[in-house]
Every structure is written in C-alpha cells, then in structure tokens.
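FYI, it's all coordinate maths here, none of it is from the lab. Predicted model, so just to flag it, every value in this text is computed and none were measured. Please note: Cβ atoms are built from the backbone with ideal geometry, for glycine as well, and neighbour counts cover all protein chains shown.
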Amino acid sequence: MARADGTDQQDPVAAAPIRVVLADDHPVVRRGLRLLLDEQAEFEVVAEAGDVDEARRYVRGHHPNVLVLDLNMPGGSSLEAIPSLREEFPDTHIVVLTMQQEPAYAREAIASGADGYVLKQAADGELVEAVRLAAAGESYLNPRLGARLAAEPPPGPPDNLSEREVDVLRLIALGHTNTEIAQQLYISVRTVETHRGHISQKLLLSSRAELVRYALDRKLVDT
C-alpha cells in the first residue's frame with residue numbers, strides 16, 4: 001500500500017490469535033463450545049480433550065493461551081489438577097466451565113489458580129469474555145456466584161478448631177517444637193500440649209505426620 005508521499009507502507013501485522021484448548025468429556029458440549037469460539041476471529045481452538053490427562057498432553061503439546069476446563073471429567077479431579085497445570089504451564093491460563101453452582105467450588109477453583117469460572121448454562125453469554133480476560137491476565141467470575149461469595153461471611157477455622165488451635169497446628173506443620181510454639185505464641189509449653197491434645201481429639205488424628213498432612217490439605221501453611 002502506498003503512502004501519500006508515494007513510498008510503500010506495510011500492512012500492520014495481524015494480532016496473533018488466542019489459542020485455546022477445550023477440555024470436556026462430552027463431545028456434543030465440546031462441539032458447541034468450539035462453534036461459539038470459532039465465531040470470534042481472535043480465537044483459535046487448537047485441540048479438544050476428553051479427560052484430564054488428555055488435557056495435560058494437549059496443553060504440553062500446543063502451548064495454548066487458555067485452557068477451558070470442565071470440572072467433572074474422567075482421569076482424576078480437574079479441581080485438584082489446576083495447581084499442577086499452572087505450575088507446569090505458567091503461560092496457560094485456565095477458565096473453569098462447570099455445572100457446579102455452589103460458591104465453594106468457585107472459591108476453591110480461583111484459589112487453586114483458575115483465572116475464570118463460568119457456568120455452563122451461561123456459557124453463550126460469558127465464555128467468550130472469560131477467555132478474552134484470561135488471555136489478558138485478568139480474571140472472570142460468574143456474576144451471580146460473585147455476588148453470593150461476597151455475601152458469605154469469611155470462612156472460620158476448619159473442623160471446629162479454635163483460632164488458637166489453628167495457630168498451634170500451623171506451627172506444628174512448619175516443624176516447630178512445643179517449646180518453640182510456646183515462645184512464638186507467648187503461652188506455656190503445658191498450654192501448647194493442651195492445645196495439641198484438643199486438636200488431635202477434634203480431628204481424630206494422632207501422629208505429627210497426620211497433622212502436617214491435614215494442615216497442607218487445608219492450605220493452612222504455604223508449600
């Protein structure tokens with residue numbers, strides 16, 4: 001193309017498409033999602049997976065910008081897979097697509113590393129925007145679920161543990177002795193022992209290894 005001064009001007013390079021892997025165990029659902037995304041020129045669906053392991057392989061092979069991940073699929077828990085997917089593929093963002101309307105699922109998915117949470121019944125109106133935002137490093141949460149999460153009180157200590165018992169359990173998981181815990185919390189060693197006894201009774205766990213695993217599973221300590 002020529003400029004007004006007669007020199008040549010190169011056409012601007014088109015923006016690279018947003019590469020997407022779709023993961024859902026129902027072929028009909030995947031087909032519908034693909035049609036929805038294919039209507040947008042900015043998207044390129046590079047692969048479709050039917051289970052968690054297949055999704056992992058396709059992400060490893062195609063390096064997509066976004067993985068659209070159903071929560072209920074064969075091959076292991078999608079929810080449990082999110083942290084390892086984000087760790088292995090930090091440049092791939094994850095948008096969860098699910099029938100699960102309970103706020104607890106949305107909270108756990110976002111906490112695990114998902115960038116978006118879209119309900120399947122709202123996919124026609126929300127998925128395109130969620131994928132766009134995720135590819136740009138932003139987040140998306142279904143508005144109705146977002147309102148329910150905002151209205152919920154913050155979660156209290158797990159399994160009826162007191163705040164002080166959670167503090168003791170966290171320090172146990174970090175490897176501190178009773179004496180060190182007492183010093184850090186400004187309580188006596190005997191009080192620490194009492195708290196440990198109450199924790200074991202409430203959780204039905206006796207060994208330190210079991211208490212550490214419990215604390216890690218509940219994300220009471222950073223790993």
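Some notes on this structure:
- Relative contact order of the chain: 12 percent, from C-alpha pairs under 8 Å at least 6 residues apart in sequence.
- Other residues with beta-carbon under 13 Å from the beta-carbon of Gly32 carry, at +1 per Lys or Arg and -1 per Asp or Glu, a net charge of -2.
- Extension gain for the segment Thr179 to Arg57, taken as residue separation times 0.36 nm less the Cα-Cα distance, is 39.1 nm to one decimal.
- Charge dipole (debye, nearest 20) of region 18-151; +1 at Cβ of Lys and Arg, -1 at Cβ of Asp and Glu: 160
- Phi-derived couplings, Karplus 6.51 cos²θ - 1.76 cosθ + 1.60 at θ = phi - 60°, listed residue by residue for region 131-141: 5, 4, 5, 4, 4, 8, x, 10, 10, 9, 10 Hz, with x used for Gly and Pro.
- Size of electric dipole in region 98-223: Cβ of Lys, Arg +1 and of Asp, Glu -1, about Cα centre, debye, nearest 20: 340
- Residue (of Val68, Ser206, Gly146) at the positive-pole extreme of the chain, dipole from beta-carbon charges: Ser206
- For Glu44, the residues 5 or more places off, or on other chains, whose built amide H falls under 5 Å of its own are Ile18, Arg19, Val20.
- Considering only the chain, percent of DSSP beta bridges that pair antiparallel, nearest 5: 5
- Take the Cα of Leu204, step 7 Å toward its Cβ, do the same at Glu44, and the gap between the two points is 5.4 nm.
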